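The values are calculated or read from the model by the stated rules, or taken from the named source; none is laboratory data. All values derive from a computational prediction rather than experimental measurement. Cβ placement follows ideal geometry from the backbone for every residue including glycine, while neighbour counts extend to all protein chains displayed.
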Amino acid sequence: MVQLWLNQLNHDPEGTSLSPGLPYEKFYSLISSVDAKAANATIEDAQICEVGTLDPSKVKGKILFCLLREINGLVYAEEEAVSGGAIGLILGNDKQRGNDIMAYPHLLPTSHINYTDAEYVYSYIKDT
């Protein structure tokens, strides 16, 4: 579960995961892949966490939020998160993927959330 405080309303996006998760007693910084974009990367490639598009100094120690457009995006988003030193990963569906979410084993705590919840997470990041 991912817990966010958005506009003073508690919203808990419900995703799916096979990951053990992070301790609940601690708060973790969250960064969107666009905000972590490397200087030489396009916004479109950074949005989906394409390999080599993120700046590890911005990702390290944070939970990374990536947009998921296609199923193979699970692999390269995770690779980019791990290589950048992220402590967790949120994969948010784009509008075309909608509410189709699946649980997969990952190398770091990861949650896959639907499009509606991805919009909440993105708004939360922009507002904080």
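If the condition is being under 12 Å from Gln47 (Cα atoms) and at pLDDT 85 or above, then the range 69-89 contributes Ala77, Glu80.
Within the range 111-123, the only residue that satisfies the criterion of being in contact with a Phe, Trp or Tyr (Cβ under 8 Å, 6 or more places away or on another chain) and either over 14 Å from Leu64 (Cβ atoms) or not in a helix (DSSP H, G or I) (or both) is His112. Pairs are defined by a Cβ separation below 6 Å, a sequence spacing of at least 6 or placement on different chains, a first member in the range 49-66 that is farther than 9 Å from Ala86 by Cα, and a second member that is charged (D, E, K, R) and surrounded by fewer than 24 Cβ atoms within 10 Å (Cβ to Cβ); the pairs so defined are Val51/Glu79; Thr53/Asp45. The condition of being closer than 22 Å to Phe27 by Cβ and in contact (Cβ under 8 Å) with a residue 24 or more places away in the chain holds for only one of Asp94, Asp117, that being Asp117.
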